[in-house]
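Here the structure comes first, spelled out in structure tokens, and everything after it is commentary.
Just so it is clear, none of the values below were taken in a lab; they were calculated from the coordinates. Model, not experiment: these values are computed from the prediction. Note that we place each Cβ from the backbone using ideal geometry, even for glycine, and neighbour counts take in every protein chain shown.
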Amino acid sequence: MSADLAWRVRRAGAEDAARLSLVANAAFLDTYATSLDGDDLLAHCLKNNSAAAFDRWLSDATSVVTIAEVEPGYAPLGYAVLTAPDFPIDMDPGDLELRRIYTLRLAYGSGMGRALMARALDDARRLGAPRLLLGVWEHNVRARAFYERQGFRVVGERRFTVGSEVHVDPVYALDL
């Protein structure tokens, strides 16, 4: 946790899929290792955090992927993914989903999370989205507080499966 950590945030390109997969798996493990079954974590990461999954987002013209990297060396420490929404709630035409936004604990307190969120909001506005949606694990108090400080409010819920566990997660929205 370092406020003086040097880092940069940039739009990810096709060449970043493996780097994004690495940080996605590390962040998911970092966030949920003490809360979820190890086999469920592994199954989720293999299915959802592969380089191929990032390749799909990176090649989708309606998605925006951002990567945060430590300086020097540019090892990935965080990322965000904007894409078409997939929620069981009433949605407005043009809504976007902040499908993923994670940083490793090493980046906590550095401002990296705020920078990723600011970039996601700028990108959503640039794309003309009237609203940004996101889902978050109901027990992730730190993330929920972060989203609420940004002005997001709960507008519904969804079932989210990780391995064999089903969670009921709140869905947040922010009018842009």
- [ ] Name the residue, out of ALA43, ALA12, ALA124, whose mean-square fluctuation peaks in a Gaussian network model built on the chain with Cα pairs under 10 Å.
- [x] ALA43
Task: Karplus-derived 3J(HN,Hα), 6.51/-1.76/1.60, for each residue of region 101-106, Hz, glycine and proline x - done: 8, 9, 9, 6, 4, 3
TODO: For the chain, give the magnitude of the charge dipole about the Cα centre (Cβ charges: +1 Lys/Arg, -1 Asp/Glu; no others), in debye to the nearest 20.
DONE: 460
Open item on the list: Only four residue types carry charge here, +1 at the Cβ of Lys and Arg and -1 at the Cβ of Asp and Glu. Report the dipole size of region 1-104 about the Cα centre in Debye, rounded to the nearest 20.
Closed with: 320
- [ ] Mind telling me which of THR83, THR31, THR66 comes out most flexible in a GNM of the chain, alpha-carbon contacts under 10 Å?
- [x] THR31
Task: Dipole magnitude of region 73-142, debye to nearest 20 (Cβ charges: Lys/Arg +1, Asp/Glu -1, about Cα centre) - done: 420
Task: Listed residues VAL162, VAL65, VAL81, most fluctuating in the chain (Gaussian network, C-alpha, under 10 Å) - done: VAL162
Task: Selected from VAL155, ALA68, LEU104, residue furthest toward positive end of dipole (the chain; charges at beta carbon) - done: ALA68
Task: Whole-Å semi-axes of the chain's equivalent ellipsoid (Cα gyration tensor) - done: 22, 20, 17
